[in-house]
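What follows is a set of notes on a single structure, which appears directly below.
The values are calculated or read from the model by the stated rules, or taken from the named source; none is laboratory data. Keep in mind the model is a prediction, meaning the values are calculated, not measured. Backbone-built Cβ (ideal geometry, glycine too); neighbour counts: all protein chains shown. Please note that ligands, DNA and RNA were not included when accessible areas were found on the heavy atoms of the full protein model with its side chains. Shrake-Rupley method; radii C 1.70, N 1.55, O 1.52, S 1.80 Å.
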Amino acid sequence: MTFEEFVAARLGVLVRYATVVTCDPDLAQDITQDVLIKAGTRWSRIGQLDTPEQYLKRMVVNEFLSWRRRRAAQLIPLARESLDSMAAPAPDPSGPRDERDAMLRLIAALAPRQRAVIALRFYEDMSIDQIADLIGCRPVTVRTYLARALATLREAFPAHRVMTGDQV
């Protein structure tokens, strides 16, 4: 499969995956574009892999995590109250969408590695070992990220049941 054929067939999947990992559709498109530029120059090697899509997904996660490090040096943090006073969030007219929006905001506020682990575990339905292999750490580290992320979500969203460790 040529690089152009791969992009034509899998671009939507990669952008959706990047959106889940980043919780920001615009950033997801930027990261996907950066990854595809890098992959295009190395496609002769990447295209011969058994699962080139998995390789590109790993590139997306790595690009997201490195982008966060680069941006951290340039960002000027503002208190959430300051941001809310500038542009208050508009309520969604339907209840289920409000809950979904609240959960997505909570997930977006997680640390980048925790967010990536949550996305890989519950969006990609990957096992702990697969996630550990993908992000390059030990399974116990993935479990720690996952436990901390779920604890943060449970604490911030007490009105509803967030997935328990038994479901992980």
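Key figures for this structure:
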| quantity | calculated |
| --- | --- |
| Label-point separation in nm, residue 67 to residue 143, each point 7 Å along Cα→Cβ | 3.2 nm |
| Karplus-derived 3J(HN,Hα), 6.51/-1.76/1.60, for each residue of region 35-40, Hz, glycine and proline x | 5, 5, 5, 5, 5, x |
| Interchain or long-range residues, amide H under 5 Å from residue 126's placed H | 121 |
| Integer Hz, Karplus 6.51/-1.76/1.60 couplings in order for region 129-146, x for Gly and Pro | 5, 5, 5, 4, 5, 5, 9, x, 9, 7, x, 5, 5, 4, 4, 5, 4, 5 |
| Computed accessible area, residue 26, all protein chains, 1.4 angstrom probe, square angstrom | 110 Å² |
| Residue 148 - accessible surface, heavy atoms, 1.4 Å probe, Å² rounded to 10 | 140 Å² |
